[in-house]
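For reference, the structure discussed in these notes is given below.
Where a number appears in this text, it was derived from the coordinates with a stated rule and is not lab data. Given the structure is predicted, the values throughout are model-derived calculations rather than measurements. Here Cβ is always computed from backbone atoms with ideal geometry, including for glycine, and neighbour counts include all displayed protein chains.
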Ligand SMILES: [Ca+2]
């Protein structure tokens, strides 16, 4: 329990920007603040401070040209958003009003975030300080507040604006209105299809704050056809680091197989509600698979169970007989011989625990690797322990794609490494 508490605390206070923003620089504009000379000076200190971090900040002269007298805190936010979206092409805007009274400087700063250009978010905060170093102290506080606040989603996979007209989704029943058509059956222990809030119809629900050992045993039985979701065991609530589904495997919910044409590019889109913490958030994986049936030298576990054969018994068979069994099984159950050759995920960060919309292109650049023959969408929830709701989980062909695209190697260091490994390492470090 103690370890779990530490993880939560660390995740909640972790400077989210470094992990979340990766190597992407966030284009930002710090307008001169209203308040004469002090406004201009403080704005320039904030520019300098942001530039030391992952922000690409517009230079002082260009910023001053936009509003020489400064943009006060009462400035119409819609106009600021318009400027950022327009010729400034920025995702972060900072403005406000500075007052000097005797020795004390007070600054009311407004920050607007445009990671999702359709849904600008903002906050306003007052800072103050006195004495000679007041300006430097306030600027540092503003920069820290900008870097720590997580009211908007960072641009993670390029700055592509989501197309407005996607056409028809490639996967079936992403809104879950026809139960689990197009998806695996929910296990009714950690995954459920339930009535959602008004206007959403049915939604996919995950519960991860439950005991893990009993669930794992049930999962195994489900996989081998020895149990049905109707037999789902009642699981005790468990939020521990040692034995909760949240802290260990997490729960997956898989789509049916989707054929992938060569060089294809997609958009993954979804709505999610659930409380996330720092680097721990649900993901919607798009995984690519290839056939490995002609390279297999053993029967999959599921087939062995069905044939009531142990791995030892299989190993004792003559090689010719082994090959024959594998070939027969690969023809009958080709999906059991598919191997993952590509993975990407849509990050569903949600510190506010409200319904949010997510959309990103997949792959982030270029087309799918040529080895990919099939895709599967895997919705995945784990830590923090709790309840997560998903709706409108749709995969679309990129409407802007005109021809097959070559694969482009990822720029993100961890891209392609399995996220469970990366996160387990991250958790260990903490
Ligand atoms: Ca729905």
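For n ≥ 4 DSSP H runs only, could you compute -39500 (n - 2.57) per run for the chain, divide by its residues and tell me the 222 nm figure to the nearest 500?
-8000 deg cm²/dmol
Determine, for 112, 194, the number of other Cβ atoms within 10 Å of each Cβ, and report the residues in order from fewest to most.
194, 112
Give me the percent relative contact order of segment 12-148, please, defined on Cα pairs under 8 angstrom at least 6 residues apart. Don't skip to the answer; put the middle values down first.
Details: 253 pairs, mean separation 35.4, N = 137.
Relative contact order for segment 12-148 comes out at 26 percent.
Would you give the gap between the C-alpha center of segment 282-339 and the C-alpha center of segment 55-127, rounded to a whole Å?
Comparing the Cα centres of segment 282-339 and segment 55-127, I get a distance of 59 Å.
Give, to the nearest whole percent, the P(r) tail of segment 12-148 beyond 26 angstrom, counting all Cα pairs.
Counting every Cα pair in segment 12-148, those more than 26 Å apart make up 17 percent.
Compute the convex hull volume of the Cα atoms of segment 191-333, divide it by the residue count, and report the result per residue in Å³ as a whole number.
190
Nearest 0.05, what FRET efficiency do residue 402 and residue 371 give at R0 = 22 Å with Cβ-Cβ as r?
My answer for the efficiency is 0.45.
How large is Rg/Rh for the chain, to two decimals, with Cα atoms and a Kirkwood Rh?
Numbers: Rg = 25.7 Å, Rh = 24.4 Å.
Rounded to two decimals, Rg/Rh equals 1.05.
Give me 349, 52 sorted ascending by neighbouring Cβ count inside 10 Å, so fewest comes first. Walk me through the numbers on the way to the answer.
Numbers: 349 23, 52 9.
Least crowded to most crowded, the residues run 52, 349.
Over the C-alpha atoms of segment 191-429, what are the Rg and the largest Cα-to-Cα span, Dmax, in Å?
Answer for segment 191-429, Rg first and Dmax second: 19.8, 61 Å.
State the extension gain, in nm to one decimal, for the chain segment bounded by residue 144 and residue 165, taking 0.36 nm per residue of separation less the distance between their alpha-carbons.
3.8 nm
Order by neighbour count: 383, 183, 355, fewest other Cβ atoms within 10 Å first, most last.
Least to most surrounded, the residues fall as 355, 183, 383.
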